[in-house]
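Enquirer: Quick one: this structure, given as structure tokens, is what I'll be asking you about.
The values are calculated or read from the model by the stated rules, or taken from the named source; none is laboratory data. Just so you know, these numbers come straight off a predicted model, no measurement behind them. Cβ coordinates were reconstructed from backbone atoms using ideal geometry, including for glycine residues, and neighbour counts include every protein chain displayed. We work out accessible area using only protein heavy atoms, side chains counted, and drop any ligands, DNA or RNA first. Shrake-Rupley method; radii C 1.70, N 1.55, O 1.52, S 1.80 Å.
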Amino acid sequence: MITFSVVTVTYQAADVLAPTLDSVLSQDYMDVEHIIVDGASQDGTMPMVMDYVSRSEEADNGHQIIVSSEPDKGIYDAMNKGLSKATGDYVCFLNAGDRLPDDETLSRIAAVAESLADGQLPAVLYGDTDIVDSEGRFLYHRRLSPPDRLTWKSFRLGMLVCHQAFYARVDIAKGVRFDTRYRFSADVDWCIRVMKEAERRHLRMLRVSGVVAHYLEEGQTTQNHQRSLRERFKVMASHYGLCTTIAMHGWFVLRAVGRKIKN
């Protein structure tokens, strides 16, 4: 049986955290290590977390919960802290507000990981993502869909796999920490570097059928959204080259214009 390390980063997250915790608690898969990294929240986040720990113990579901609460240097610094604590076979990042879509999500992912005849665990397991509101109601399917065959070059077309739907082998992930020089797009850079390492080791990346993550629709400010786009351009250029990145972004613009005309 493989073990999942689920990392949840929180800060002042009491308004959105409960569904995230409940979705992990309800998993029928027992080999789960839930690592909660809090940034010294002063709202109701930590009481909610401690109640979750008690409920998990009462459920006797086999889950191990690891909790820390201390100041950090931002979300990617907190993710690195969580990654350093991970001891499972695979790690995923399910942050406050995001959730696993059903009670059998981790069981389905584990079945794919264990399905290979040679017994070698894939470097990455990945699936689809749905966007939900704060009540967990379906809003729409994520516009970018993961390909059946994923390589590190696939992200030239955009982040085809949502970070929450990207399960990386821990032995690889620990050697590819998040670059905290990025404030908004270190997750894109991290996924690409994990996939590069997978290719270097000649390891497979397998798609899990169906939706494996519900992503909370964000209300980013326009300013942060623009800064995120600029930073993502830098990430893409660092991996695929400036000319390729400019060409692909030109295609993105043309595609967006065509979509508006069509609608």
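Enquirer: Where in segment 134-252 are there strands (runs of 3 or more DSSP E), lying wholly inside it, with at least 1 residues that are under 29 Å from Leu106 (Cβ atoms), open to solvent by less than 70 Å² (accessible area, probe 1.4 Å) and basic (Lys, Arg)?
Expert: Strands (runs of 3 or more DSSP E) meeting the threshold: 166-169.
Enquirer: For segment 102-110, does any single residue satisfy the condition of being modelled with pLDDT of 95 or more, more than 18 Å from Ser5 (Cβ to Cβ) and not acidic (Asp, Glu)?
Expert: Within segment 102-110, not a single residue is modelled with pLDDT of 95 or more, more than 18 Å from Ser5 (Cβ to Cβ) and not acidic (Asp, Glu).
Enquirer: Further question on the same structure: On the given criteria, is Ser84 more than 28 Å from Thr180 (Cβ to Cβ), open to solvent by 30 Å² or more (accessible area, probe 1.4 Å) and either in a helix (DSSP H, G or I) or of a type outside the set (Phe, Trp, Tyr) (or both)?
Expert: Spelling it out, it is not the case that Ser84 is more than 28 Å from Thr180 (Cβ to Cβ), open to solvent by 30 Å² or more (accessible area, probe 1.4 Å) and either in a helix (DSSP H, G or I) or of a type outside the set (Phe, Trp, Tyr) (or both).
Enquirer: Looking only at residues in segment 91-120 that are within 30 Å of Gln12 (Cα to Cα) and of a type in the set (D, E, K, R), which one is most open to solvent (accessible area, probe 1.4 Å)?
Expert: Of everything passing the filter in segment 91-120, Glu104 is most open to solvent (accessible area, probe 1.4 Å).
Enquirer: Moving to a separate point now. What about Ala14, is it of a type in the set (A, V, I, L, M), surrounded by fewer than 22 Cβ atoms within 10 Å (Cβ to Cβ) and within 23 Å of Val132 (Cβ to Cβ)?
Expert: Yes.
Enquirer: Restricting to segment 145-189, give me the number of residues that are over 26 Å from Lys85 (Cα atoms) and touching a Gly at 6+ places or on another chain (Cβ under 9 Å).
Expert: Qualifying residue count, segment 145-189: 1.
Enquirer: Now for a different question. From Ser68, Ser5, grab the single residue that is at pLDDT 95 or above, among the hydroxyl-bearing types (Ser, Thr, Tyr), within 22 Å of the chain's Cα centre (by Cα) and open to solvent by 10 Å² or more (accessible area, probe 1.4 Å).
Expert: None of the others qualify; the one that does is Ser68.
Enquirer: Suppose we filter Asp43, Asp22, Asp28 for residues that are within 20 Å of Ser134 (Cα to Cα), open to solvent by 10 Å² or more (accessible area, probe 1.4 Å) and not in a helix (DSSP H, G or I); which single one remains?
Expert: Going through Asp43, Asp22, Asp28 in turn, the sole match is Asp43.
Enquirer: A follow-up question, please. Checking the structure you have, find out if any residue of segment 53-76 is in contact with a Phe, Trp or Tyr (Cβ under 7 Å, 6 or more places away or on another chain) and closer than 27 Å to Trp190 by Cα.
Expert: Taking every residue of segment 53-76 in turn, at least one turns out to be in contact with a Phe, Trp or Tyr (Cβ under 7 Å, 6 or more places away or on another chain) and closer than 27 Å to Trp190 by Cα.
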